Amino acid sequence: MDLNSLYSKLYTHFGPRGWWPGDSSYEHFIGCILAQNTRWDRVVPVIQRMKKKDILAPEKYLQLEHDDLAEILKGSGTYKRKAEYLRTAGAYMLSQGWNGTPGSVTTETQILRDELLKLKGIGPETCDCILLYVLGRPVFVVDAYTIRILSRHGFCTKKAEYEEIQELFHSGLTIEVELFKEYHALMVECAKQFCKPEPRCTDCPLREGNNNP
Ligand code: SF4
């Protein structure tokens with residue numbers, strides 16, 4: 001099985017995931033940051049709260065004091081720190097001319113990546129979520145679920161570095177934004193339903209011999 005057939009098996013089983021959830025790039029951006037180490041169902045009410053207050057765009061929430069923004073983020077894990085991350089990353093995005101559309105930022109992807117990674121609270125996974133799902137750049141998002149599935153299928157070791165795994169996808173697939181978006185979402189779904197810490201291989205679409213292409 002190569003990375004293309006792995007994708008086909010997942011897509012055939014789960015169908016399109018339509019990621020990233022949310023109605024606008026502003027929601028995607030906030031979601032990428034708030035989802036760090038936090039279940040998605042705890043992030044959704046916070047985004048709804050921000051939507052109600054009409055402060056999804058960075059130029060709006062940046063007008064709030066840190067403590068006031070933190071109060072609104074309560075429920076999304078380490079909310080005080082996340083308020084800081086959201087403010088720093090939001091200010092950076094504005095400095096790049098971001099207006100909520102991918103086309104509004106023209107800086108080269110590698111430069112954006114290098115600069116985002118220098119910001120407090122932005123690690124590789126969050127950075128690449130922003131690049132892929134918010135700015136539409138063809139950068140594969142690697143997470144713990146991806147590492148678990150790939151290592152169990154012999155693509156890498158459990159201790160493989162983030163960039164090493166990312167390179168597997170970049171060199172093994174057609175470089176395509178929509179494919180990368182869907183692929184990451186499918187990996188998450190597979191890990192949640194089947195490839196848990198204790199794997200449920202019997203019904204998993206990635207099990208050798210299950211009814212897939
Ligand atoms: S649950 Fe089993 S078959 Fe499915 S991805 Fe994990 S190790 Fe592979």
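Work out how far the C-alpha atoms of the chain reach from end to end along every principal axis, then list the three figures in whole Å, largest first.
For the chain, the Cα extents along the three principal axes come out at 56, 34, 30 Å.
Calculate the dipole size of the range 25-134 relative to its Cα centre from +1 charges on Lys and Arg beta carbons and -1 charges on Asp and Glu beta carbons; express the result in debye to the nearest 20.
About 380 debye.
Hey, if you put +1 on the Cβ of every Lys and Arg and -1 on every Asp and Glu Cβ in the range 1-138, which of F29, T106, Q96 ends up farthest toward the positive end of that dipole?
Working it through, the farthest residue towards the positive pole turns out to be F29.
Which is the longest stretch in the chain that no exposed loop site breaks, taking sites as GluC sites (Glu not before Pro) with a DSSP loop state and at most 13 other Cβ atoms within 10 Å?
In the chain, the maximal stretch lacking such sites is 1-64.
Which loop trypsin sites (Lys or Arg not before Pro) in the range 41-71, with loop taken from DSSP, have no more than 12 other Cβ atoms within 10 angstrom of their Cβ?
K53
Which of Q63, V43, L86 sits closest to the plus end of the dipole of the range 25-134, meaning its Cα is farthest towards the positive end, when Lys and Arg get +1 and Asp and Glu get -1 on the C-beta?
After comparing all options, I get V43.
Give the aspartates and glutamates reachable from K74 as a straight Cα distance under 18 Å; neighbours fewer than 8 places away on the same chain don't count.
Within reach: E27, D41, D54, E65, E84.
Work out Dmax and Rg for the range 65-113 from the C-alpha atoms and quote the Rg first, both in angstrom.
13.2, 35
What's the magnitude of the charge dipole for the chain around its Cα centre, counting Lys and Arg as +1 and Asp and Glu as -1 at the beta-carbon? Answer in Debye, nearest 20.
Numbers: 27 positive and 28 negative charges, 151 e Å.
The dipole magnitude comes to about 720 debye.
Out of all Cα-Cα pairs in the range 99-213, roughly what percent, to the nearest whole number, are more than 25 Å apart?
Roughly 27 percent, rounded to a whole number.
Which loop-located trypsin sites (Lys or Arg not before Pro) does the range 127-213 contain, where loop means any DSSP state but H, G, I, E or B and the Cβ has at most 13 other Cβ atoms within 10 Å?
Of the trypsin sites (Lys or Arg not before Pro), the ones in loops of the range 127-213 whose Cβ has at most 13 other Cβ atoms within 10 Å are K158, K159, R200.
With no other cysteine's Cβ closer than 4.7 Å, which Cys residues of the chain count as lacking a disulfide-compatible partner?
C127, C156, C190, C195, C201, C204
Measure out, as a whole number of angstrom, how far apart the alpha-carbon centroids of the range 160-213 and the range 64-141 sit.
Their Cα centres are 25 Å away from one another.
Can you pick out the pairs among K82/K159; K9/K53; K52/K158; K9/K82; K52/K159 whose Cα atoms lie more than 31 Å from each other? Walk me through the numbers before you get to the answer.
Values: K82/K159 27 Å; K9/K53 42 Å; K52/K158 42 Å; K9/K82 36 Å; K52/K159 42 Å.
Going by Cα-Cα distance, K9/K53; K52/K158; K9/K82; K52/K159 fall outside the 31 Å limit.
Please report the Cα spread of the range 25-134 along all three principal axes, rounded to whole Å, starting with the longest.
Here the spans come out as 35, 25, 21 Å, largest first.
Each reported figure results from applying straightforward, stated rules to the coordinates on display, with no laboratory input. Here the structure is a predicted model, which is why all the values come from computation and not from measurement. Methodologically, a virtual Cβ is constructed for each residue, glycine included, from the backbone with ideal geometry; neighbour enumeration extends over all protein chains shown.
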